[in-house]
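K.L.:
The structure that follows is given in the form of structure tokens.
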Amino acid sequence: MKQPLRLNTRLRYQGETCTVTAIHGTTLTLTPRRGHPILISAGLLLAAEDFAVLDKHDQPVQETPRLPQLVEANLPKNVLRAAEELEAHLNEVRTGYRSGQPDQPRPGEPRPKYDPDLTTFTQRKRSKALELGVTARKIEKDLASYTALGLQGLIDQRRVRSSRQRVDPGLLNALDQVFRGIENGSNLSLLTISRRVRQLVLASAPGLALPSRPTLNRLIREHGAARGVFLDAKTRRGQATRPPTPFRRFVSAFLGEVVILDSTRLDAFAWDESTNQWVQVQLTLAMEVYSRSIVAWRFTPVSDRGVDAALILREIIYPKPMRSGWPPNAQWNYPGIPASLVVQAFEEAESGLEQDKIAAIPFVTPASVVVDHGKIYLSRTFRDACVRLGISVQLARPKTPTDKAPLERTFRTIRERFVEALPGYKGPSVAKRGLNVEQQSFYMLDELEELFAEWVATYWQRRTHEGLDIPDVPKLELCPNDMYNLGIARTGLLQVPPSRNLYYELLETAQREIEVDGVSLHGLRYDAEILEPYRNRRSGQRGNYPDKYPFRFDPRNLAEIYFFDQAEQAWCPVPWRGSTDPCRPFNRSTLNWAKALIAEREQHPRNEAALEETLNALLDRIEVGAIQGRRARIKAARRAIEARQHQNERTPLPSDPSESDDFELEESFSEAITSASILTSRGRSGPDLDNEDFDF
């Protein structure tokens with residue numbers, strides 16, 4: 001309620017209790033209890049921090065709180081209509097007109113009993129009391145409420161009273177303790193949570209009266225909804241680590257300012273032809289925040305390594321080539337920068353691009369990358385790569401997925417729009433997995449990567465995104481390619497082609513001695529003429545690896561390693577000495593599988609001759625599968641699954657007469673896969689034979 005400043009009004013000013021003793025226009029004279037009178041303007045008085053009007057007990061007069069406007073909107077129509085009707089009656093008492101405005105009379109107004117020229121205010125109050133059948137005191141109280149609060153003062157307070165019961169703080173504390181105790185646990189039923197709450201209350205606050213079972217269950221549902229008590233365990237853990245501060249939008253001011261990197265398990269199986277096993281696929285993704293573009297990706301079986309994260313930085317910087325079978329709209333079409341110019345710039349860095357064949361997938365030089373605390377992002381290989389490229393690393397908070405919200409939401413879109421269309425889709429959890437879904441999955445890892453690249457170029461980069469907008473044109477629909485165009489128009493293509501040695505500088509490093517017969521790495525022997533001047537010579541290097549030479553290697557292609565020749569000032573390949581075909585690459589997973597086969601034969605895993613023979617046999621089998629094509633590989637995969645199932649059941653493998661007419665090459669390949677699968681069905685739990693990770 002507004003408190004007018006009149007003579008003899010008591011108020012507080014600068015810690016003193018004063019009385020208004022004189023008013024001269026907008027200037028007031030304040031007389032404190034002790035001291036001289038104060039002459040002050042009303043504006044300065046009202047702006048004082050401790051100003052307050054006091055009552056007769058020298059306490060600040062509390063203003064009657066006004067109800068929020070939303071209360072009127074939520075009231076029943078009959079209650080609001082009754083308040084408006086009472087307002088019209090009170091206006092007639094005050095002014096003689098139901099609208100309260102003499103210049104807006106209704107027909108027949110003013111009525112003789114309420115004509116302000118013929119009646120007094122007291123007479124109008126008595127007339128209205130007789131008309132409504134109430135006392136004059138009731139009319140006075142309604143007028144006072146209307147003067148203080150307006151229409152809200154005429155609403156029946158019983159209609160706006162909250163129906164929410166007051167909950168004892170001890171019970172709320174017990175609910176909070178139980179909710180925190182199950183954040184990282186498995187889902188519990190409502191009955192179990194209610195029982196734990198009751199037990200905790202009885203143990204910690206025996207005198208606290210517990211509500212009834214339905215009321216307690218309602219409180220658990222209400223207070224547990226924000227904690228995700230009845231959601232999936234993973235979602236509940238994510239909500240538990242959500243920061244309490246209000247969310248704000250992740251803003252990037254220019255193209256390439258922030259790139260988010262993260263890895264996730266893809267909800268689909270793939271077939272690894274090097275090991276003849278269904279493998280869990282790991283997808284590492286890089287998203288440019290300004291344009292929401294997917295600028296790089298990498299598929300790895302089971303899990304990725306630090307070198308995978310380092311090499312994805314190179315893919316962020318390099319343009320992506322067009323692939324066969326892609327539609328014309330997947331080709332580079334950014335205005336102002338011809339594709340031939342981009343190709344010529346990157347040809348010097350040995351990008352391997354074909355002339356004028358660049359895909360419409362952005363490439364940027366990131367100023368900073370946001371990563372989590374995964375081992376691959378904390379590895380020395382990844383950190384050295386960021387230093388080499390001049391990229392700042394920003395670590396997200398542990399177990400806080402909201403720090404990488406744009407990319408987390410992209411993973412969901414990839415699952416819904418891409419992975420669910422694959423035949424090997426297995427669902428996000430075991431509870432949502434279909435029956436024998438692995439028998440439907442016949443995509444190899446390279447085929448899966450090819451499909452995803454086309455999906456990015458033809459769908460994601462051309463799909464309108466709600467998170468992209470221009471402040472000047474807020475309703476304009478934009479896709480990542482449009483935003484990339486806008487970023488280039490504003491800042492230009494901030495791209496410096498890297499050196500041709502960048503690929504080698506991002507690889508893993510191994511320190512080895514150069515012996516007479518070459519270099520030993522991963523149980524294999526590598527040799528080349530370039531090593532001739534360095535055999536049995538010390539490198540002169542100090543530190544943890546004295547007198548050894550650094551070699552770089554790519555875990556995806558162990559057919560050769562790389563040595564930096566000081567005389568030539570260039571990186572030189574050093575091939576595997578036991579290869580029957582120098583053009584056949586193989587990865588660490590294939591090498592580990594060959595070691596497992598040697599262990600099954602009870603041979604020493606460091607027997608180089610046996611390892612060469614087994615590894616070449618595996619590579620021959622993979623090469624035969626590549627020659628036959630997809631149809632033969634599907635049949636081979638099916639027979640491998642059947643072989644493994646029958647081996648586990650100790651039953652003989654039945655023949656398939658439907659394949660008797662197939663050509664000889666396909667049949668021999670199927671038999672090779674079958675025999676290898678039977679041999680290796682017991683090899684998963686074997687020991688680490690060469691101090692290397694077994695990526696099956």
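The values are calculated or read from the model by the stated rules, or taken from the named source; none is laboratory data. Keep in mind that this is a model prediction, so the values were computed, not measured. Here the Cβ positions follow ideal geometry from the backbone for every residue, glycine too, while neighbour counts run over all protein chains shown. Quick note on the areas: whole protein, heavy atoms, side chains included, nothing else; ligands and nucleic acids left out. Shrake-Rupley method; radii C 1.70, N 1.55, O 1.52, S 1.80 Å.
K.L.:
Out of the residues in region 18-28 that are assigned to a strand (DSSP E or B) and open to solvent by 30 Å² or more (accessible area, probe 1.4 Å), state the one that is farthest from D58 (Cα to Cα).
P.N.:
Just the residues of region 18-28 that are assigned to a strand (DSSP E or B), to begin with: 18-24, 27-28.
This time we only want the ones that are open to solvent by 30 Å² or more (accessible area, probe 1.4 Å), so: 19, 21, 23-24, 27.
On the way: T19: 11, T21: 17, I23: 21, H24: 25, T27: 23 Å.
So, considering only residues that are assigned to a strand (DSSP E or B) and open to solvent by 30 Å² or more (accessible area, probe 1.4 Å), the one farthest from D58 (Cα to Cα) is H24.
Let's see how each residue does on (1) under 16 Å from the mean Cα position of the chain (by Cα); (2) crowded, with 24+ Cβ neighbours inside 10 Å:
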| position | (1), (2) |
| --- | --- |
| G256 | no, yes |
| V259 | yes, yes |
| D262 | yes, no |
| A268 | no, yes |
| W278 | no, no |
| Q282 | no, no |
| R292 | yes, yes |
| V295 | no, yes |
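K.L.:
I would also like to ask the following. Please specify each residue of region 383-400 satisfying the condition of being open to solvent by 50 Å² or more (accessible area, probe 1.4 Å) and either polar (S, T, N, Q) or not in a loop (DSSP other than H, G, I, E, B) (or both).
P.N.:
Passing the criteria: R383, D384, V387, R388, S392, V393, Q394, L395.
K.L.:
Quick test of your reading of the structure: R556 fulfils all but one of (1) under 25 Å from L311 (Cα atoms); (2) open to solvent by less than 60 Å² (accessible area, probe 1.4 Å). Name the failing condition by number.
P.N.:
Single failed check for R556: (2).
K.L.:
I would also like to ask the following. Condition test on I641, is it surrounded by 16 or more Cβ atoms within 10 Å (Cβ to Cβ), at pLDDT below 75 and more than 30 Å from I312 (Cα to Cα)?
P.N.:
So I641 fits the description; yes.
K.L.:
What number of residues within region 42-63 satisfy the criterion of being surrounded by 13 or more Cβ atoms within 10 Å (Cβ to Cβ) and either in a loop (DSSP other than H, G, I, E, B) or polar (S, T, N, Q) (or both)?
P.N.:
3
K.L.:
Could you tell me which of the residues D267, D272 is over 17 Å from E315 (Cα atoms) and either in contact with a Gly (Cβ under 7 Å, 6 or more places away or on another chain) or not charged (D, E, K, R) (or both)?
P.N.:
Answer to the selection: D267.
K.L.:
On the basis of being more than 60 Å from the chain's Cα centre (by Cα), within 24 Å of N78 (Cβ to Cβ), without any contact (Cβ under 8 Å) to a residue 24 or more places away in the chain and part of a helix (DSSP H, G or I), does K113 make the cut?
P.N.:
Against the criterion (more than 60 Å from the chain's Cα centre (by Cα), within 24 Å of N78 (Cβ to Cβ), without any contact (Cβ under 8 Å) to a residue 24 or more places away in the chain and part of a helix (DSSP H, G or I)), K113 does not qualify.
K.L.:
Here's a follow-up. Which condition breaks for I193 when tested against (1) out of contact with any Lys or Arg (no Cβ under 9 Å at 6 or more places or on another chain); (2) surrounded by 14 or more Cβ atoms within 10 Å (Cβ to Cβ); (3) within 30 Å of N91 (Cα to Cα); (4) among the aliphatic types (A, V, I, L, M)?
P.N.:
The one condition I193 does not meet is (3).
K.L.:
A431 passes all but one of (1) modelled with pLDDT under 85; (2) surrounded by 13 or more Cβ atoms within 10 Å (Cβ to Cβ); which number fails?
P.N.:
(2)
K.L.:
In addition: Give me a count of the residues in region 540-569 that are part of a strand (DSSP E or B) and touching a residue at least 60 places away in the same chain (Cβ under 8 Å).
P.N.:
2
K.L.:
Let me ask another. Please go through region 504-520 and give me each residue that is in contact with a Leu (Cβ under 8 Å, 6 or more places away or on another chain) and outside any loop (DSSP other than H, G, I, E, B), ordered by number.
P.N.:
Residues satisfying the conditions are A510, R512, G518, V519.
K.L.:
Tell me the residue from E420, E477 that is at pLDDT 80 or above, open to solvent by 70 Å² or more (accessible area, probe 1.4 Å), not in a loop (DSSP other than H, G, I, E, B) and not β-branched (V, I, T), please.
P.N.:
Details: E477 fails: not in a loop (DSSP other than H, G, I, E, B).
Step by step, each of E420, E477 is checked, and only E420 is at pLDDT 80 or above, open to solvent by 70 Å² or more (accessible area, probe 1.4 Å), not in a loop (DSSP other than H, G, I, E, B) and not β-branched (V, I, T).
K.L.:
Could you list all residues from region 136-161 that are at pLDDT 80 or above and outside any helix (DSSP H, G or I)?
P.N.:
If the condition is that a residue be at pLDDT 80 or above and outside any helix (DSSP H, G or I), then I155 is the only one that fits.
K.L.:
Considering each of P573, P533, P585 in turn, give the residue that is in a strand (DSSP E or B), farther than 13 Å from R512 by Cβ, of a type outside the set (G, A, S) and open to solvent by 30 Å² or more (accessible area, probe 1.4 Å).
P.N.:
Answer to the check: P573.
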